[in-house]
Amino acid sequence: MEHGPERVVMMEGISSGEHFLVGGEIPRRVLDDITLLIRKAEAWGINGTSLFEIRLLLEIMANIRPYDRGKCALIERGMMRRKREILRHVFYIGSSEMLYNNMNVLEFLMFATAKFKINKVVLQERIFELIIAIGLGHLSLTPNHLLTKEEKAVITLIAAVYSDSLMIVFNFPEYVWDEVLIDAIAKLTSIIREQGKTLILATQNCLLIEKACSHTAILQDGQLIYSGTVENFRLNFDKVEVIIRDKAVHAMREKLALLFPGYKLVAKDDSLLISSLGSEAIDHGAIYKKILESGFTPDSIEINPKTVQNAYEELMRQHDLQK
């Protein structure tokens, strides 16, 4: 693997000390032979089938959980395999209980940034403007104890933006994010990357990865089955080409299937997803024409904007077939 100042996390052949016991079988390592390179100013979304695996990987990255074998270097510095300490340049968020209940959001963020040598009135204005800019202005004077755990986590992420840590680890794979918070995290991520910092977040929310992350890594059965850019992931694994929306798609599916022998047709709710099976370029115009010539005029026909969700489902399907 390459060296240089741009590396923030370099894992080579990392295996965890923890094992899963599966009925009568030989215990398997929770994480096995993980190799991953994360660079400066990237935002990684770590996803997978097991919350425990995702959380453990980020705990090892943040140096708060030891690993059994392999090599892990953080920001140019080797980690002692057994030493558990959060390094100064790592801001680890693994609990939403870091906020003091006797403060409101703005007070907490002023407290978290108290060491800044900057006029407090100016700082408060800047923080307030940031909270508004990311769409959370309505929370600025809310007492911390009234926030949801997801809101608390995002407020802690704002504190991380103001820290001088080079690497921020946001470890909440089990949290459920609504659109307001997804947009807030995406905007904070842009700021984090502009500052030259790296964000690593754990989530099973594909939309969060799509909106906030430059890169993604996906775990299944303790192994990394994908790591790379979000764009490559979407383009290579989302096979859905065209989406037809209409109440009658279930009735039309068989008729349309005859028109498109080289495609897979899946009806979901009031949508029909037409997916390519090969890797050759698709003529979307020809697909439109065929549908309309069949005498079926659906409510809408759209070219699929390749999504992380579809790509994730396809990757999992391919891996299940290989098992």
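In region 101-116, how many residues are closer than 18 Å to SER165 by Cβ and not small (Gly, Ala, Ser)?
6
What number goes with the only condition from (1) touching an Asp or Glu at 6+ places or on another chain (Cβ under 8 Å); (2) in the same structural domain as ASP221 (by the TED database); (3) modelled with pLDDT under 80 that MET1 does not pass?
Of the numbered conditions (1) touching an Asp or Glu at 6+ places or on another chain (Cβ under 8 Å); (2) in the same structural domain as ASP221 (by the TED database); (3) modelled with pLDDT under 80, the odd one out for MET1 is (2).
Given the condition free of Cβ contacts under 8 Å to residues at least 40 places away in the same chain, assigned by the TED database to the domain that holds CYS213 and more than 18 Å from GLN220 (Cβ to Cβ), answer yes or no: does some residue in region 54-61 qualify?
No: region 54-61 contains no residue that is free of Cβ contacts under 8 Å to residues at least 40 places away in the same chain, assigned by the TED database to the domain that holds CYS213 and more than 18 Å from GLN220 (Cβ to Cβ).
Return a yes/no flag: does region 166-184 have any residue that is within 30 Å of LEU57 (Cα to Cα), crowded, with 22+ Cβ neighbours inside 10 Å and of a type in the set (Gly, Ala, Ser).
Within region 166-184, one or more residues are within 30 Å of LEU57 (Cα to Cα), crowded, with 22+ Cβ neighbours inside 10 Å and of a type in the set (Gly, Ala, Ser).
Output the number of the condition that ALA286 fails; it satisfies all remaining conditions of (1) assigned to a strand (DSSP E or B); (2) surrounded by fewer than 12 Cβ atoms within 10 Å (Cβ to Cβ); (3) not charged (D, E, K, R).
So the condition that ALA286 fails would be (1).
If I filter region 130-140 for residues that are over 21 Å from GLU59 (Cβ atoms) and either in the same structural domain as VAL230 (by the TED database) or basic (Lys, Arg) (or both), do I get at least one hit?
no
Which condition does LEU258 not pass, out of (1) open to solvent by 20 Å² or more (accessible area, probe 1.4 Å); (2) assigned to a strand (DSSP E or B), if it passes all the others?
Result: LEU258 passes all but (2).
Determine if region 299-310 includes at least one residue that is in contact with a helix residue (DSSP H, G or I) (Cβ under 6 Å, 6 or more places away or on another chain), part of a loop (DSSP other than H, G, I, E, B) and either closer than 30 Å to ASP221 by Cα or in the same structural domain as LEU224 (by the TED database) (or both).
Scanning region 299-310, I find at least one residue that is in contact with a helix residue (DSSP H, G or I) (Cβ under 6 Å, 6 or more places away or on another chain), part of a loop (DSSP other than H, G, I, E, B) and either closer than 30 Å to ASP221 by Cα or in the same structural domain as LEU224 (by the TED database) (or both), so the answer is yes.
Please determine, by comparing only the residues of region 295-323 that are small (Gly, Ala, Ser) and in contact (Cβ under 8 Å) with a residue 40 or more places away in the chain, which one is least open to solvent (accessible area, probe 1.4 Å).
Here the residue is ALA311.
Might you let me know whether region 131-139 holds any residue that is within 26 Å of GLU179 (Cα to Cα), in contact (Cβ under 8 Å) with a residue 40 or more places away in the chain and surrounded by fewer than 21 Cβ atoms within 10 Å (Cβ to Cβ)?
Yes, region 131-139 contains at least one residue that is within 26 Å of GLU179 (Cα to Cα), in contact (Cβ under 8 Å) with a residue 40 or more places away in the chain and surrounded by fewer than 21 Cβ atoms within 10 Å (Cβ to Cβ).
Restricted to region 271-283, and to residues that are open to solvent by 30 Å² or more (accessible area, probe 1.4 Å) and touching a residue at least 12 places away in the same chain (Cβ under 8 Å), which residue is nearest to the chain's Cα centre (by Cα)?
My answer is LEU277.
Whether any residue in region 226-248 is in contact with a Cys (Cβ under 7 Å, 6 or more places away or on another chain), surrounded by 13 or more Cβ atoms within 10 Å (Cβ to Cβ) and assigned to a helix (DSSP H, G or I) is what I want to check.
Yes, because at least one residue in region 226-248 is in contact with a Cys (Cβ under 7 Å, 6 or more places away or on another chain), surrounded by 13 or more Cβ atoms within 10 Å (Cβ to Cβ) and assigned to a helix (DSSP H, G or I).
Taking region 99-118 as the region of interest, how many residues are in a loop (DSSP other than H, G, I, E, B) and surrounded by fewer than 17 Cβ atoms within 10 Å (Cβ to Cβ)?
Residues that pass the stated criteria total 9.
Just one of (1) hydrophobic (A, V, I, L, M, F, W, C); (2) modelled with pLDDT of 85 or more; (3) under 26 Å from the mean Cα position of the chain (by Cα) trips up ALA286, so point out which.
It fails just one condition, (3).
Report yes if some residue within region 144-154 is closer than 23 Å to MET110 by Cα and touching a Gly at 6+ places or on another chain (Cβ under 9 Å); otherwise report no.
No: zero hits.
The values are calculated or read from the model by the stated rules, or taken from the named source; none is laboratory data. Just so you know, these numbers come straight off a predicted model, no measurement behind them. Glycine gets a Cβ as well: all are built from the backbone with ideal geometry, and neighbour counts include every protein chain shown. These accessible areas exclude ligands, DNA and RNA; they are computed on the full protein's heavy atoms, side chains included. Shrake-Rupley method; radii C 1.70, N 1.55, O 1.52, S 1.80 Å.
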